[in-house]
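Here the structure is laid out as structure tokens; the discussion comes afterwards.
The values are calculated or read from the model by the stated rules, or taken from the named source; none is laboratory data. Since the model is a prediction, treat every value here as computed from it, not as a measurement. Positions of Cβ are generated from backbone atoms using ideal geometry, with glycine treated the same way; all protein chains shown enter the neighbour counts. Accessible surface areas use protein heavy atoms only, side chains included; no ligands, DNA or RNA. Shrake-Rupley method; radii C 1.70, N 1.55, O 1.52, S 1.80 Å.
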Amino acid sequence: MIELNYKVYGQGEALIILHGLFGSLDNWVSHARSLSEDYSVYLLDQSNHGKSPHEDEWNYPVMAEDLYEFMNQQGIYQAHLLGHSMGGKTVMEFSRHFPEMIDKLIVADMTPKQYPPHHTEILETLIAWDLSSLDSRRDAKAKLEERITDPSVVQFLLKSLGRDEDKAFRWKFHLEVIYINYE
């Protein structure tokens, strides 16, 4: 059992929001603040993302089980769930196993089907990269722009580039496990 990193905003009925691939709970803070007038909004870092534990086993059944464990740890026995992209697949998987724990289910930018891989170029770019060669975020941006032409994708990925305790650059997501288990 892992303990997911999370933040809570507001009071009221529970609304749990799950981010997409390469994201983190930080992607949803402005929405959470707005929704917190009516709900207790729980933002979670899914496993292998943000500040949640990095695990070797990573798939939708595991992430759905993580959500189940989180809800039990928090004493939440029914909630509204909002999942974006990868988070949408997680909440759909959760709904198959724990439908009684869902009040309302919101899935954004995702449908219940198999998608052809469309992050392959990003994953191959990132996995081939030696982060120790970076001197600055500006270097990282330039390196990403060599292979990724969409400026919004570059900025989104840079948001997940952090530094460890030794000030070395590192991804906030567990790149190797995501790369291996992507499909």
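Is it the case that ILE16 is in a loop (DSSP other than H, G, I, E, B), in contact (Cβ under 8 Å) with a residue 12 or more places away in the chain, in contact with a helix residue (DSSP H, G or I) (Cβ under 8 Å, 6 or more places away or on another chain) and among the hydrophobic types (A, V, I, L, M, F, W, C)? The answer is no for ILE16. Any residue at all in segment 89-112 that is in contact with an Asp or Glu (Cβ under 9 Å, 6 or more places away or on another chain), open to solvent by 50 Å² or more (accessible area, probe 1.4 Å) and under 30 Å from ARG163 (Cα atoms)? No, segment 89-112 contains no residue that is in contact with an Asp or Glu (Cβ under 9 Å, 6 or more places away or on another chain), open to solvent by 50 Å² or more (accessible area, probe 1.4 Å) and under 30 Å from ARG163 (Cα atoms). Exactly one residue out of LEU21, LEU44, LEU35 is surrounded by 23 or more Cβ atoms within 10 Å (Cβ to Cβ) and not polar (S, T, N, Q): that is LEU44. Here the condition is being open to solvent by 60 Å² or more (accessible area, probe 1.4 Å), touching a Ser or Thr at 6+ places or on another chain (Cβ under 8 Å) and without any contact (Cβ under 8 Å) to a residue 40 or more places away in the chain; of ARG147, ARG138, ARG170, it holds for ARG147 alone. Looking at ARG147, ARG163, just one residue is under 17 Å from GLY50 (Cα atoms) and at pLDDT below 95, and that residue is ARG163.
Kindly evaluate ALA14 against the criterion of being of a type in the set (A, V, I, L, M), closer than 19 Å to GLU183 by Cβ and open to solvent by less than 70 Å² (accessible area, probe 1.4 Å). It is false that ALA14 is of a type in the set (A, V, I, L, M), closer than 19 Å to GLU183 by Cβ and open to solvent by less than 70 Å² (accessible area, probe 1.4 Å). Among the residues of segment 113-129, the ones that are under 21 Å from VAL154 (Cα atoms), open to solvent by less than 90 Å² (accessible area, probe 1.4 Å) and not polar (S, T, N, Q) come to 9 in all.
Looking at the structure I just gave you, is GLY23 of a type outside the set (A, V, I, L, M, F, W, C), at pLDDT 95 or above and either in a loop (DSSP other than H, G, I, E, B) or under 18 Å from VAL177 (Cβ atoms) (or both)?
Considered against the rule, which asks whether it is of a type outside the set (A, V, I, L, M, F, W, C), at pLDDT 95 or above and either in a loop (DSSP other than H, G, I, E, B) or under 18 Å from VAL177 (Cβ atoms) (or both), GLY23 comes out as yes.
Counting only residues that are part of a helix (DSSP H, G or I) and hydrophobic (A, V, I, L, M, F, W, C), how many does segment 74-100 have? Residues that pass the stated criteria total 4. Quick check, is ASN27 open to solvent by 40 Å² or more (accessible area, probe 1.4 Å) and either of a type in the set (Asp, Glu) or closer than 19 Å to MET110 by Cα (or both)? Judged against the criteria, ASN27 is a match. Restricting segment 78-131 to residues that are modelled with pLDDT under 95 and of a type in the set (Asp, Glu), which is farthest from the chain's Cα centre (by Cα)? Looking at residues that are modelled with pLDDT under 95 and of a type in the set (Asp, Glu), I get ASP130. Answer with yes or no whether PRO61 is assigned to a helix (DSSP H, G or I), open to solvent by 20 Å² or more (accessible area, probe 1.4 Å) and within 22 Å of ILE180 (Cα to Cα). Taking the combined requirement at face value, the residue satisfies it.
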